[in-house]
Amino acid sequence: MPAFIVIIAIILSLTGLYGIVCNRNPLISVMSLVLIVNGAGLMLVNLDLILGIFHGQVLTIIILALAVFTAIFTSSLSRKFFREKNMADVDEFQRPQG
Amino acid sequence: MGTLAPVIIVVFSMLSLLGAFLLVRQRDPITAAILLILVSAGTGFVFLAMGAHLVGIIQLLVFTPLIGFVLKYATLELPDPNIRRDPVPMVRVAAAITITVLGLIIIIDMISVFKSGSGPIQYQPVGFTDFINIVTAFLSDWLYPVILVGMLATISAILTAHLARKPQAGKQEQNGLGPEGDSV
């Protein structure tokens, strides 16, 4: 069972990585980031339970909280871009001129 | 772990993976948000079945609804995203292939690491004292990171409130939009 959880965590994280690299919609990129966090949390908790310690679970809770704050901020930023520029393609974001 | 725990772990982890695969191929952010709720809830049930009860409860009762609510709110009232529908550039296809190959290498390596040890690896027994240990750790060893996370939460809330403001009428006309946000 621990090996199975490791495989699931790796596949989940790599799926999230693919989602960040290969998506143009910033909201879906943020959701892919949450996938990576879930995969990392699975791995941390798995190793915790194997070793009989609890620090990995504490770290998992902390990174889950950080993922929520990242999602909140990034989704607000995306809405601002949607509203002002009617555009939701990360490839179209350009550096400010001047 | 109980007798049903392996079944629960397998079923909900497969559900999470299915949701993840569908999510990264999704173009509609509303459907993607629903799939993310499925992935988070599945992972939460896996945590519970593994024996990490506190993390599982926090994932199910706090993280999943919060993420779902935030992303559903973010996808409300959005115009057509106006995203190009041309084929994904070759560099992204190459990235996907590279990630897949690396993932297979890592998985095969991890399986060999697990198989080379003496005897099957088992989880340590979990008891109620783990709740106490984790909560105590938040207030002792991990106090500094918790304070940092709290500060980041405050900063994130302030910036989000600032970004969520609607632009003033003068600025909207400058951007070529009418008072209601539509094109002039």
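The values are calculated or read from the model by the stated rules, or taken from the named source; none is laboratory data. Note that the structure is a prediction, hence the values are computed from the model and not measured. Note that each Cβ is placed from the backbone with ideal geometry, even for glycine, and that neighbours are counted across all protein chains shown.
Numbers below:
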item: Of the criteria (1) over 14 Å from the mean Cα position of the chain (by Cα); (2) within 17 Å of B:Thr43 (Cα to Cα), which one A:Ala67 fails; result: (1)
item: Given (1) modelled with pLDDT of 80 or more; (2) surrounded by fewer than 20 Cβ atoms within 10 Å (Cβ to Cβ); (3) in contact with a helix residue (DSSP H, G or I) (Cβ under 7 Å, 6 or more places away or on another chain); (4) of a type outside the set (Ser, Thr, Tyr), number of the condition B:Leu78 does not satisfy; result: (1)
item: Which numbered condition A:Val45 fails, given (1) at pLDDT 80 or above; (2) closer than 27 Å to B:Phe21 by Cβ; (3) surrounded by fewer than 19 Cβ atoms within 10 Å (Cβ to Cβ); result: (3)
item: Failed item in (1) more than 7 Å from chain B (Cβ to nearest Cβ); (2) crowded, with 23+ Cβ neighbours inside 10 Å, with A:Ser32 passing the rest; result: (1)
item: Region B:6-31 residues that are at positive phi and assigned to a helix (DSSP H, G or I), paired with ones that are modelled with pLDDT under 90 and loosely packed, with under 15 Cβ neighbours inside 10 Å (beta carbon under 9 Å, 6 or more apart); result: none
